[in-house]
Amino acid sequence: METPILIENARLLDPASGLDGTGYLLVRDGEIALLGNGAPAEAALPADLRRIDGSGCWLTPGLIDLHVHLREPGDEHKETIASGTAAAAAGGFTAVACMPNTRPVNDSPAVTALIMAAAAQACARVYPVGAISLGSKGETLAPFGELARAGVRAVSDDGCPVSNSQLMRRALEYAGDHGLLLISHPEDESLSRNGVMNEGDISTRLGLRGIPPVAEEIMIYRDLALAEYTGRPLHLAHVSTGEAVALIRRAKARGVKVTAETAPHYFTLTEEAVGDYDTRAKMNPPLRGAADRAAIKAALADGTLDAIATDHAPHSGLEKDLEFELAANGIIGLESSLPLSLALVREGLITPLRLVELLSTNPARILGVPGGRLAVGEPADLTLIDPQRKFIFRAVELKSRSRNSPFLDWELEGKAILTVLAGRITHRQ
Amino acid sequence: MSSGQLFPHKHILGLAQLRAPEIDFILQTAESFKEISQRSIKKVPTLRGKTVINLFFEPSTRTRLSFEIAAKRMSADTFNISSAGSSAVKGETMVDTARNLAAMNPDCIIIRHSRSGSPGLLACHIGASVINAGDGAHEHPSQALLDLMTVREHKGEIAGLKVAIIGDITHSRVAHSNIIGFSKMGAQVRVAGPATLIPPGIAAMGAVVCPSVREAVRDADVVMTLRIQQERQLDPLLPSLREYAIFYGITPEIIALARPDAIIMHPGPINRGVELDPGLADGPRSVILDQVTNGVAVRMALLYLIMGGE
C-alpha cells in the first residue's frame, strides 16, 4: 500500500462545492481521506506520512482531457499509450479520452480491449472513444453495445465528419441506449476538401487552399438540429469559429442538450501563426482569425463552451517535415495546455474556479466518469499547480514521442508540479 | 560591378520579398542583358564554372527552356531534372532531395512544384541559391518580372498605369506575382473573372476587384488574360469553357473598352478562343511573344544577381 500523502498550505479549488481556500488534503488508499481549510488536526493524521508543501500552489481535481490521440495501435512511432499518458501526467492530467482513429480504427471490442490492456499500466486513466461508423467511413454503425461493454465511454468519427445526416441521427439515438456520449467532429467536407488552412487573406497570399469557417458552422448547425429533434445529448469537438459559438449559445438557450470543447491553440493563436508555411501551425479545424479567437475566449468565459480539450495529435517528422499541403494535421497539446489555459486567468477573463471547471469538473461530467471533484471518498486524482512557475517549453523535455508544437521555445507560465493518480504520484517536479 | 548592396537576396522565392528599387534593379539588369541574345555568338562568360539545376516537378516547356537558355548564355553548366525521372516518384521527400542535391554543391536550383511554399522548404535545407519557377498557387516571380519588363518596354513607365488581370485569379501564381509586382511599382491593378475564381484577400494583396470584365478593362493600359484550366469545370467552379469564353473571354468588343494603345498579355500557353480571341492573340496589340523574349533576359539577370554579382 502506498504511503499516505498530505498536501498542506495549498489553495484548494473545487468548482463542484465552490471551495476556494487555503487548506490541506490527505490521500490514503487511493482516495481523498480528509480535506479542509487551514491546518489539519495532527491527531487525525496517520503516523507514516509523506508531506508535500503546497504553499503558493493550487490543488485541483486531476485534469481531464476529453480529446487526445494516443496513436496506439498502429502509429507507435508517433505516440504510445505509455508515452502519451506520461505526457498527460507531466501536463497535470490524470485522465484522457483517446480518439478511435488508430490503425486499425477502434470500431471493435478487440481494438478496445487492446487499448484497455495497455491502459492498465498507464500514467493516466484512459477512456477509449469508439468509432461511430465501421472504419470511420461514415456508412455503417459500429457495434456501440459491444464497444461499451469492452470499455468505450463515447463514440466519435473524429478526424472524419459523419457526412450522412441519417447516420448521424441514428448514431445519436443509438448511443444513448448504451450510455455512450456522442462526440461530433463538425466539418462539411464538401466545403473543406483539400483545404489546408483557414480561408482568407493569408491563404490567398500563400497560395494555399482555404477551409472556410462555414464548413464547420454548417455541420454544427446540422448536429444541433439533430440533437434537438432527437432530444439526445451531443458533444461538439474542437470548436474554432465565432459563428459556431453563437450557434451553440442559441441552442443552449433553447434547452438543447449540447456540450462543447475548444482547444488551447484556438484561444492562443490565429492563422497568422502559419507564417511562412510552418507545418506546426497546421491542424483541422485550422487556426482562425482574430475575431474568432476573441469569440472563443468569450465563450469560455460565459459558459457557452464547457471544456478545454487539447486535441493532442502527435506526428513525427515523417508527417510534418514536408510541403505544407502534404503535412499531416494536428499538434501535441498535453504538456502545454495548462499554462496556455492559465493565461486566460492572468488576463482576467476567467476565475481559477472556472479554469478548473473547464479542465476537470466539466470533462468528468460530460464523459460521465469519476473525478473532477475534491471530496472525501473520491478517487485521489489530483493536480498541484504552481501558477507562477515560468519555464521554456523545450522539445527535449517533452514526455510525448512527438515534437509537433507551435509553442516550442515559448516562455510559458504555470505548471503542474505534482500529479497524483488514485493516490500514486505520476509526476513530480 | 557590385550588386551586393543593391540586391542583397540569395533566393528569389517571390515578389513579396522584393522592394520596388530591387525590382527596378532586376529590370535594369535584364534590359542590359537583352542585347546578348541578339548577337551571333550568344554567350558571355559571366557564370562560367557555376552549376545550375532545373528541378521541375511539374511539366513545363517555356519556363524550363527559358531558364536553361538564360543559364547557358551566361556560360553556366545546366542540368535538368523533371518529375518523371526524379526520385520524387520513388517516394523521396523534398527535404531528402534537397540534402542530396546539396551534397553535389550546385550554385543555384531552379524549382517548379505543384505545392505552394516548396521553394522555401528547399531553400531551408540547401546552401545553394533557390529560384522559384512557379509553386502551386503561390508565386511565379520570374514571370511577373518579365511581364513588368515587357510593359516597361512598351509604356516607358509602370507607375500610374491601369493593369487589368482577367481570369482564374484563385489558382494563378502568375496573377499573384503580378498583382504584387505591378502594385509595388505604382500601377493600379484590377482583377475580374468569375466570382468562383476570385479568392478572398485579393484586395489585401493590392488589387481592386471589379464586378465585371468590362469594368476592369475600361481605360486599361494593359490587359492580361490568364489560362483557364480544363479541370476547373470539375470542382465545380465553372459550367463549361464555352460559357467562360462567352462571358469572361477577351474579345475585340471587350478590348475596345481599353485605351486605344492598350497592350494584350498572356503568360501562355493560350487556350485560343477560350480566354483570348485568336485574332487578338496574333494582332498588333499582342505583346505575348515579347514576353517570351524578355523571359530569357530576366532570367539571365536573376542568375547573375544571385550568383555572379559579387
Original post:
What is the mean number of Cβ atoms from other protein chains located within 10 Å of the Cβ atom of each residue in peptide B:135-146, rounded to a whole number?
Top reply: 2
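Chains B and A: how much accessible area gets covered up at their contact, both sides added, probe 1.4 Å, in Å² to the nearest hundred? If you can, show how the numbers build up before the last one.
On the way: alone 13090 and 15890 Å², together 27630 Å².
It comes to approximately 1400 Å² buried between B and A.
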Original post:
At B:R99 and A:K137, where each label point lies 7 Å from the Cα along Cα→Cβ, what is the point-to-point distance in nanometres?
Top reply: 3.8
Subject >> Cross-link partners of A:K257 among lysines (Cα-Cα below 27 Å; sequence separation of 8 or more within a chain) >> reply: A:K137, A:K297
Original post:
Going through the range A:299-362, which GluC sites (Glu not before Pro) have at most 13 other Cβ atoms within 10 Å and a DSSP loop state?
Top reply: A:E347
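Let me spell out the model: positive unit charges on the Cβ of Lys and Arg, negative unit charges on the Cβ of Asp and Glu, origin at the Cα centre of the range A:121-260. What dipole size does that give, in debye rounded to 20?
Details: 16 positive and 16 negative charges, 81 e Å.
Here the size comes out at about 380 debye.
Counting only DSSP beta bridges with both residues in chain B, tell me the antiparallel percent, nearest 5.
Numbers: 1 of 36 bridges.
DSSP beta bridges in chain B are roughly 5 percent antiparallel.
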**OP:** Take every Cα pair under 8 Å in chain A that's 6+ residues apart, average their separations, divide by the length, and report that relative contact order as a whole percent.
**Re:** 20
Original post:
What is the mean number of Cβ atoms from other protein chains located within 10 Å of the Cβ atom of each residue in peptide A:204-214, rounded to a whole number?
Top reply: 6
Original post:
How large is ³J(HN,Hα) for each residue in the range B:262-278, as worked out from phi by the Karplus curve 6.51 cos²θ - 1.76 cosθ + 1.60 (θ = phi - 60°), to whole Hz, x for Gly and Pro?
Top reply: 5, 9, 10, 10, 7, x, x, x, 7, 8, 4, x, 9, 7, 9, 4, x
Original post:
Which shape class applies to the range A:63-367: rounded if a/c is under 1.5, otherwise prolate when a/b exceeds b/c and oblate if not, where a ≥ b ≥ c are the square roots of the Cα gyration tensor eigenvalues?
Top reply: rounded
**OP:** Over chain B, with every protein chain in place, what whole percent of the accessible area is carbon and sulfur at 1.4 Å, could you tell me?
**Re:** 53
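Estimate the FRET efficiency between A:E42 and A:E146 by the formula 1/(1 + (r/R0)^6), using the beta-carbon distance for r and 35 Å for R0, to the nearest 0.05. Display every interim value, and only then the final one.
Values: r = 52 Å, r/R0 = 1.49.
E(calc), rounded to 0.05, equals 0.10.
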Original post:
Where does helix A:242-254 land angle-wise versus the long Cα axis of chain A, in degrees 0 to 90, nearest 10?
Top reply: 70
Subject >> For the range B:141-287, with +1 on Lys and Arg beta carbons and -1 on Asp and Glu, the positive-most of B:S286, B:V213, B:A144 along the dipole >> reply: B:A144
**OP:** Note down the nm distance, to one decimal, between modelled labels 7 Å out along Cα→Cβ at A:A290 and at B:F247.
**Re:** 3.6
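For the pairs B:K34/B:K155; A:K78/A:K282; A:K282/A:K320; B:K42/B:K155; B:K50/B:K72; A:K78/A:K399, note any where the Cα-Cα span goes beyond 19 Å. It would help to have the intermediate numbers written out before the result.
On the way: B:K34/B:K155 17 Å; A:K78/A:K282 17 Å; A:K282/A:K320 9 Å; B:K42/B:K155 27 Å; B:K50/B:K72 10 Å; A:K78/A:K399 12 Å.
Table pairs above 19 Å Cα-Cα are B:K42/B:K155.
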Original post:
What's the angle, to the nearest 10 degrees (0 to 90), between helix A:213-230's Cα axis and the longest principal axis of chain A?
Top reply: 70
Subject >> Set of lysines with alpha-carbon distance to B:K90 below 17 Å, sequence-local pairs under 8 removed >> reply: none
Original post:
Counting only other chains, what is the mean number of Cβ atoms within 10 angstrom of the Cβ of each residue in peptide B:11-20?
Top reply: 1
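Check each of the trypsin sites (Lys or Arg not before Pro) in the range B:236-310 and keep only those in coil by DSSP with at most 14 other C-beta atoms within 10 angstrom; list them in order.
Working: sites: B:R242, B:R272, B:R285, B:R299; in loops: B:R285.
Here no trypsin sites (Lys or Arg not before Pro) fit, given the DSSP loop and packing criteria.
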Subject >> Backbone HN-Hα couplings from phi across the range A:39-46 [Karplus 6.51/-1.76/1.60, Hz, Gly and Pro as x] >> reply: 10, x, 5, 4, 5, 7, 8, x
**OP:** Over the protein assembly as shown, give the accessible area per residue in Å² for a 1.4 Å probe, as an integer.
**Re:** 37
Original post:
Given labels modelled 7 Å from the Cα in the Cβ direction, how far is it in nm from A:D20 to A:Q166?
Top reply: 5.1
**OP:** Return the carbon/sulfur percentage of the accessible area of the range A:63-367, one whole number, probe 1.4 Å, all protein chains in place.
**Re:** 52
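Among DSSP beta bridges lying fully in the protein assembly as shown, give the percent that are antiparallel, nearest 5. Walk me through the intermediate numbers first.
On the way: 33 of 97 bridges.
The antiparallel fraction comes to roughly 35 percent.
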Original post:
Top mean-square fluctuation among A:A88, A:A33, A:A120, Gaussian network model of chain A, C-alpha springs under 10 Å?
Top reply: A:A120
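If you place +1 on the Cβ of every Lys and Arg and -1 on the Cβ of every Asp and Glu, how big does the dipole about the Cα centre of chain A come out, in debye to the nearest 20? Could the numbers behind the result be given before it?
On the way: 42 positive and 54 negative charges, 94 e Å.
Roughly 460 debye, rounded to the nearest 20.
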**OP:** Divide by every residue of chain B the summed helix terms, -39500 (n - 2.57) for each DSSP H run of at least 4, and state the resulting mean residue ellipticity at 222 nm, rounded to the nearest 500 deg cm²/dmol.
**Re:** -10000 deg cm²/dmol
**OP:** Return the long-range amide H neighbours of A:G62 (sequence gap of 5 or more, or a different chain), with a cut-off of under 5 Å between placed amide H atoms.
**Re:** A:G372, A:D381, A:L382, A:T383
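Give me the number: length gained by fully extending A:D29 to A:T3, i.e. 0.36 nm times residue separation minus the C-alpha to C-alpha distance, one decimal in nm.
Working: separation 26, 0.36 × 26 = 9.36 nm, distance 0.84 nm.
In short, 8.5 nm is gained.
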**OP:** Could you pull out every residue, at least 5 positions away or on a different chain, whose amide H is within less than 5 Å of the one on B:I131? Hs are placed 1.01 Å off N in the peptide plane, and Pro or chain starts have none.
**Re:** B:I12, B:I109, B:I110, B:I111
Original post:
With axes computed from alpha carbons, what is the tilt in degrees of helix A:81-90 against the longest principal axis of chain A, rounded to the nearest 10 within 0 to 90?
Top reply: 60
Original post:
Based on the Cβ-Cβ distance from A:A113 to A:A253, what FRET efficiency comes out when R0 is 35 Å, to the nearest 0.05?
Top reply: 0.25
Subject >> With DNA, RNA and ligands ignored, accessible area of A:V420 (1.4 Å probe; Å², nearest 10) >> reply: 0
**OP:** Please list the non-local residues whose amide H lies under 5 Å from the amide H of B:V208, H modeled 1.01 Å from N, same-chain partners needing a gap of 5 or more.
**Re:** B:V189, B:R190, B:V191
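The values are calculated or read from the model by the stated rules, or taken from the named source; none is laboratory data. Owing to the predicted nature of the structure, the values given are computational and were not obtained by experimental measurement. Quick reminder, even Gly has a Cβ in these numbers, built from the backbone with ideal geometry, and neighbours come from all protein chains shown. Just the protein is used for accessible areas: all its heavy atoms, side chains included, with ligands, DNA and RNA removed. Shrake-Rupley method; radii C 1.70, N 1.55, O 1.52, S 1.80 Å.
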